[in-house]
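What follows is a single structure, and I will ask about it in a moment.
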Amino acid sequence: MSKVIVTTSGKGGVGKTTSSAAIAMGLAMQGQKTCVIDFDIGLRNLDLILGVERRVIYDFIHVIHGEASLNQALIKDKHCDNLYVLAASQTRDKDALTKEGVQTVIEELKMKDFDYIICDSPAGIEGGAKHALYWADEAIVVTNPEVSSVRDSDRMLGMLGSNTYRAEQNLDPVKQNLLITRYDSARVEKGEMLKVEDIEEILGAIKLIGVIPEDTNVMNSSNKGQPVILSESRASEGYKDVVARLLGEERPMRFISEEKSFLKRLFGG
């Protein structure tokens, strides 16, 4: 049975699209047939991070408006046969999205036996974001360890609790997961960033699904046009943990505390 997961945030620039690409690739590498959809109409970036920007001929809006078939618009990833990308339009505005149109595309993807449909939402609470989360079964709320980002994430949790198909139909609520990105444990210890415990206290009862450490490999991978999960890096390991937890595996939460060197431990530094 297909599962629709929205990756969302209240604030821009927190690593949401990076996370969507990494998680989608991770699921596909685990044998799950996965489609990742870019909902950021007019400002698409997902295709760049996945390295398929030159292969985009038809996009999400073409499919919704019947100007192309889903088969024409789906782009098969060059790294993994199980991953497909549905790019956003760069020439339309967010009004081109419709609730019914999004539903039609998602239902067609389900009929094509996709295990996971990842909806990469634009930041905020307007048009594209509302359509991205409306049909979700599960949500990954992405935040950085700083106050404004966490506060905006709290607003997204409110939307997930009320502005979805599941909420309107009194079905089981959208399952909510918290993903903390750009976490620097050294700066946390200095009081320059919020601790994981502080973020959890602000956001309440939401399951922590992963902590992604600050890592220069994230930008390097994006510039190369490949998800960071394909690199050998701490961020890659963090995303692999997230994918494992999505698939039901129990893993210890890493990257929360600073890993001190032998000399620091020896001399109490």
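The values are calculated or read from the model by the stated rules, or taken from the named source; none is laboratory data. The structure presented is a predicted model; accordingly, all values stated were derived computationally and were not measured. Positions of Cβ are backbone-derived with ideal geometry, glycine not excepted, and every protein chain shown enters the neighbour counts. Quick note on the areas: whole protein, heavy atoms, side chains included, nothing else; ligands and nucleic acids left out. Shrake-Rupley method; radii C 1.70, N 1.55, O 1.52, S 1.80 Å.
Within the range 61-77, how many residues are open to solvent by 20 Å² or more (accessible area, probe 1.4 Å) and within 20 Å of the chain's Cα centre (by Cα)?
Looking only at that region, the number is 2.
Note down all Cβ pairs under 8 Å where the first residue falls in the range 91-117 and is in contact (Cβ under 8 Å) with a residue 12 or more places away in the chain, the second is surrounded by fewer than 19 Cβ atoms within 10 Å (Cβ to Cβ) and part of a helix (DSSP H, G or I), and they're at least six residues apart or on different chains.
Lys94/Gly127; Asp95/Gly127; Leu97/Gly127; Ile117/Lys110
Could you tell me which residue of the range 168-200 is least open to solvent (accessible area, probe 1.4 Å), considering only residues that are closer than 27 Å to Gly248 by Cβ, without any contact (Cβ under 8 Å) to a residue 60 or more places away in the chain and part of a helix (DSSP H, G or I)?
For the range 168-200, the residue satisfying everything is Ile199.
Condition test on Gly161, is it in contact with an Asp or Glu (Cβ under 8 Å, 6 or more places away or on another chain), at pLDDT below 95 and part of a helix (DSSP H, G or I)?
Taking the combined requirement at face value, the residue does not satisfy it.
Okay, moving on. For residues that are of a type in the set (D, E, K, R) and under 13 Å from Met156 (Cα atoms), scanning just the range 115-135, find the one that is most open to solvent (accessible area, probe 1.4 Å).
Selected residue: Glu126.
Please go through the range 205-220 and pick out each residue that is in contact (Cβ under 8 Å) with a residue 40 or more places away in the chain and out of contact with any strand residue (DSSP E or B) (no Cβ under 7 Å at 6 or more places or on another chain).
Restricting attention to the range 205-220, the residues satisfying the condition of being in contact (Cβ under 8 Å) with a residue 40 or more places away in the chain are 206, 208-213, 218.
Correct list: Val218 only.
For the range 78-112: of the residues being at pLDDT 95 or above and in a loop (DSSP other than H, G, I, E, B), which is least open to solvent (accessible area, probe 1.4 Å)?
Ala87
For Gly238, are the conditions met, namely being in a strand (DSSP E or B) and either open to solvent by less than 20 Å² (accessible area, probe 1.4 Å) or touching a Cys at 6+ places or on another chain (Cβ under 9 Å) (or both)?
no
Right, here's the next one. Which residues, counting only those in the range 158-185, are of a type in the set (S, T, N, Q) and over 14 Å from Trp135 (Cβ atoms)? Steps first, please.
Taking the range 158-185 and keeping what is of a type in the set (S, T, N, Q), we get 162-164, 169-170, 176-177, 181, 185.
Hits for the range 158-185 are Ser162, Asn170, Gln176, Asn177, Thr181, Ser185.
Search the range 13-50 for residues being part of a loop (DSSP other than H, G, I, E, B) and more than 19 Å from Ser89 (Cβ to Cβ), and hand back the single one that is farthest from the chain's Cα centre (by Cα).
If we take residues in the range 13-50 being part of a loop (DSSP other than H, G, I, E, B) and more than 19 Å from Ser89 (Cβ to Cβ), then Gly31 is farthest from the chain's Cα centre (by Cα).
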